[in-house]
Amino acid sequence: ERDTESLSVLRSGLDTDRVIELARMIHRARRILVTGVDLAAALSWFLAYSLMPLGFDAEAPTGSSGNLQHKIDVLTGKDLLIAISFGRCLRETVESVLRAHARGVPTFGITDSDTTPIAMHCDAYLIATTSSPSFTGSYVPPMALINCWRNVSRRCSARNRAFTSSAAWVDGVIHWAT
C-alpha cells in the first residue's frame, strides 16, 4: 500500500522538464558513470545496464571507494556522472559528485528530497521518495523513475538521438511506468 502511494506521489510530482534534461545530458555524454553505494548500488547497476543496450558507454563501478575515485579521475567534461543516494546520502556518493565537479564533469542526481547533499551538489536531479516502514526504505519509486527515463531515452535513441520528446509525451510515459 505504501509503494502504491509513493508511486502516486512520483507520478503527480515528477518534473517532466528534468526527465527531458536528464535524457539530453545522457545523450550528449561520451561516457556515463553511475554511482550508488550500499543498497543504491543495485539501482546504479540497473541504470547502467539499461543504458548499454541503447548504445551508451555506461558503467556502475563496484568494489572499493578507491576504484570509484579512479573511475572518476578519467572522466572529462564530455562525460556524465549520475549519483544515486537517499536521505543524508552516503559519503562515497557525495564525494564522487564533488570529485567529478572538480574535474568539470556534469552531474545528475537521483535522490529523495531537494535538500539532500545529492540535490545540493549535482547540476540537476530527480526526486523519488523511498519512504517505507522497512529500515531499508522502498526502491519501487526510484526503479519506476529509471524505467520511465529508459522509455523516454529509447524513443530518443530510435530517432538517432535527435531528442524531440514533448512534455505531454513524457507525462504519458510517466503515467504508464508508474
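Observations
- Largest to smallest accessible area among D112, D15 [probe 1.4 Å]: D15, D112
- Shape of the range 10-135, Cα gyration tensor, a/c cut at 1.5: rounded
- Relative packing of 76-85, 45-54, which averages over residues the other C-beta atoms within 10 Å, highest first: 76-85, 45-54
- Applied to the range 75-81, the Karplus parametrisation 6.51 cos²θ - 1.76 cosθ + 1.60 on θ = phi - 60° returns per-residue 3J(HN,Hα) values of 6, 10, x, 8, 9, 9, 10 Hz, with x for Gly and Pro.
- Computed extension gain for A102 through A124, at 0.36 nm per residue and net of the alpha carbon distance, reaches 6.3 nm.
- Cut-off 16 Å (backbone N to label point 7 Å along Cα→Cβ of S65), residues of the range 76-94: 84-86, 88-94
- A simple charge model with +1 on the Cβ of Lys and Arg, -1 on the Cβ of Asp and Glu and nothing else charged puts the dipole of the range 29-91 at about 140 debye relative to its Cα centre.
- Length added when fully stretched, T76-W45, from 0.36 nm per residue minus Cα-Cα: 9.0 nm
The values are calculated or read from the model by the stated rules, or taken from the named source; none is laboratory data. The model shown is predicted, which means the values in this text are computed figures rather than measured ones. Glycine also receives a Cβ, built like all others from the backbone with ideal geometry; neighbour counts cover every protein chain displayed. We work out accessible area using only protein heavy atoms, side chains counted, and drop any ligands, DNA or RNA first. Shrake-Rupley method; radii C 1.70, N 1.55, O 1.52, S 1.80 Å.
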